[in-house]
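Please treat every number below as a calculation from the coordinates, not as lab data. For clarity, every value in this text was computed on a predicted model and none was experimentally measured. Cβ placement follows ideal geometry from the backbone for every residue including glycine, while neighbour counts extend to all protein chains displayed.
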Amino acid sequence: MTPREWQVAELVAQGLTDKQIAAALVIAQRTAEGHVQRVLAKLGFTNRVQVVAWFSSTQPPGERPESR
């Protein structure tokens, strides 16, 4: 995934809506929706709950995606 998609996945894992993700990243809501859909597609998931579970299992405490 791209660095932006990692950011979006992290925000999804925090429980943010598309609108909140857009505000946090200073992008249009439609752009945030597209990012979320790409994250779901790349991971083979169908819903946000799966992203939450996946993200929490792949992120050791304190590790940032940029360090991968």
* Asked: Considering the alpha-carbon set of the chain alone, what are its Rg and its Dmax in angstrom?
  -> 11.1, 31
* Asked: To the nearest 0.05, what FRET efficiency results for R4 and T46 with a Förster distance of 35 Å applied to their C-beta separation?
  -> 0.95
* Structure fact -> For the pair T17 and S56, the simple spin-label estimate (label points 7 Å beyond Cα toward Cβ) gives in nm 2.2
* To do: Give the peptides 51-57, 23-29, 12-18, 34-40 in descending order of average Cβ contacts within 10 Å, highest first.
  => 34-40, 12-18, 51-57, 23-29
